[in-house]
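Enquirer: After the structure tokens below, expect a handful of questions from me.
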């Protein structure tokens with residue numbers, strides 16, 4: 001059984017000579033929602049004393065803001081158009097959600113190729129557009145189940161998040177699976193391995209603290225390093241479960257169908 005230090009070592013070996021493309025891939029995945037970052041947002045704040053203010057935010061960062069407020073006439077126009085702005089925001093969020101789900105699976109494929117010593121290509125990020133319905137449904141199911149477990153209490157929500165953590169990798173390797181099957185396979189694979197993944201993620205805390213002193217710039221290198229280590233973790237537990245993962249009619253699939 002490998003430990004956190006072993007997975008980090010595998011990640012460093014996989015990234016040797018490939019840091020450039022790995023950083024670019026991680027940056028693209030982050031900007032397009034493949035890492036779970038917030039999508040673009042247009043915020044309208046109206047205050048009777050100060051007027052209206054509009055800001056545009058992307059990935060949690062304010063890109064553009066009127067700051068000083070808008071004149072009363074424009075504020076009234078925006079107020080009357082609030083329903084159209086809301087609809088546009090919902091549509092934009094839906095597109096970003098779908099795009100992010102595709103990129104998330106593609107980024108998993110990129111990292112699998114990296115760890116498996118294959119040629120890792122940026123095109124891998126966009127490989128699963130043909131399967132966007134399944135990737136979007138998978139992200140929705142994972143998000144919904146995690147939220148529902150969180151409503152019960154914080155701890156069950158955290159456990160659920162770790163249970164479904166391998167879903168993207170499973171879907172990248174088995175795109176023929178349905179969303180539910182991919183989620184259930186991750187849950188089965190992570191049984192007994194959740195704490196190991198927690199320890200692996202915790203082992204990066206020192207690097208995360210150092211990155212905070214670089215205004216987040218260090219995350220450009222920390223993200224591919226951490227993702228490669230988690231991919232190595234997935235590869236170990238997937239090899240252990242290889243017999244259950246081979247083919248849609250394997251023992252795992254039968255178990256899933258019996259539970260549906």
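The values are calculated or read from the model by the stated rules, or taken from the named source; none is laboratory data. Predicted model, so just to flag it, every value in this text is computed and none were measured. In this analysis, Cβ positions are derived from the backbone assuming ideal geometry, glycine residues included, and neighbour counts consider all displayed protein chains.
Enquirer: Given the residues 147, 158, which is the only one that is modelled with pLDDT under 95, surrounded by 15 or more Cβ atoms within 10 Å (Cβ to Cβ), closer than 29 Å to residue 132 by Cβ and out of contact with any helix residue (DSSP H, G or I) (no Cβ under 6 Å at 6 or more places or on another chain)?
Expert: Numbers: 147 fails: surrounded by 15 or more Cβ atoms within 10 Å (Cβ to Cβ).
One residue alone meets the criteria, 158.
Enquirer: Same structure, new question: Residues being over 26 Å from residue 145 (Cβ atoms) and either over 18 Å from the mean Cα position of the chain (by Cα) or surrounded by fewer than 18 Cβ atoms within 10 Å (Cβ to Cβ) (or both): count how many of those fall in the stretch 178-221.
Expert: Result for the stretch 178-221: 17.
Enquirer: Under 6 Å by Cβ, and 6 or more places apart or on different chains, what pairs join a residue from the stretch 170-181 that is part of a loop (DSSP other than H, G, I, E, B) with one that is surrounded by fewer than 21 Cβ atoms within 10 Å (Cβ to Cβ)?
Expert: Final answer for the pair search is 175/131.
Enquirer: Just to be sure I understand, how many residues within the stretch 216-256 are modelled with pLDDT under 55 and assigned to a helix (DSSP H, G or I)?
Expert: So the count comes out to 9.
Enquirer: Pick from 112, 92: which is surrounded by 13 or more Cβ atoms within 10 Å (Cβ to Cβ) and modelled with pLDDT under 95?
Expert: None of the others qualify; the one that does is 92.
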